[in-house]
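Structure record follows, encoded as structure tokens.
Only the coordinates and a few stated rules stand behind these numbers; no lab work does. For clarity, every value in this text was computed on a predicted model and none was experimentally measured. Backbone-built Cβ (ideal geometry, glycine too); neighbour counts: all protein chains shown.
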């Protein structure tokens, strides 16, 4: 009888552990919700000389329950604290813009949508740093890695926050493509090195 009860106790213990595991189907966090991001109305290109942030008119965050049978609750609303943009080159160049982190300060209701309007995705100072600074006439106007007058990169955005009950939430990474160019201001003549 003792031989039977030991395996039975083991199976019950394994069953309890399995029942307590996260039903996480997106990401590695233990929260029962995950966030996705959708970009709309992206600009065709960004002028590194326009003196403004890289901003998108509309970005939509959507909350999803990881388990379709789970019960939703306002405690599963997500407070987004920060979002991170990691840049990679897609034009054959090696040097990419540096990773940037911005404050989120928005709530995404469980199972609902939140629209971000004109949120920044690259700072003004980053538009003046390598590799984008090579597009400026004072630096030759050409990317030395590709010998082109434009730089194409993919930005991958991840939103970070927590549910109202305190569980950390990391969004599904969302990529977007951007072409960076230099366009001189109206009425200005920009000096070009070596010409």
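Things worth noting here:
- Put in line by how crowded their Cβ is, counting other Cβ atoms within 10 Å and starting with the fewest, 83, 182, 119 read 119, 182, 83.
- Cα-based convex hull volume of region 65-158 per residue, rounded to whole Å³: 117
- Counting other Cβ atoms within 10 Å as a rough exposure proxy, the listed residues 177, 77 run 177, 77 from fewest neighbours to most.
- Column: log10 I(q)/I(0), Debye, Cα scatterers of region 36-195, q = 0.09, 0.15 Å⁻¹: -0.37, -0.81
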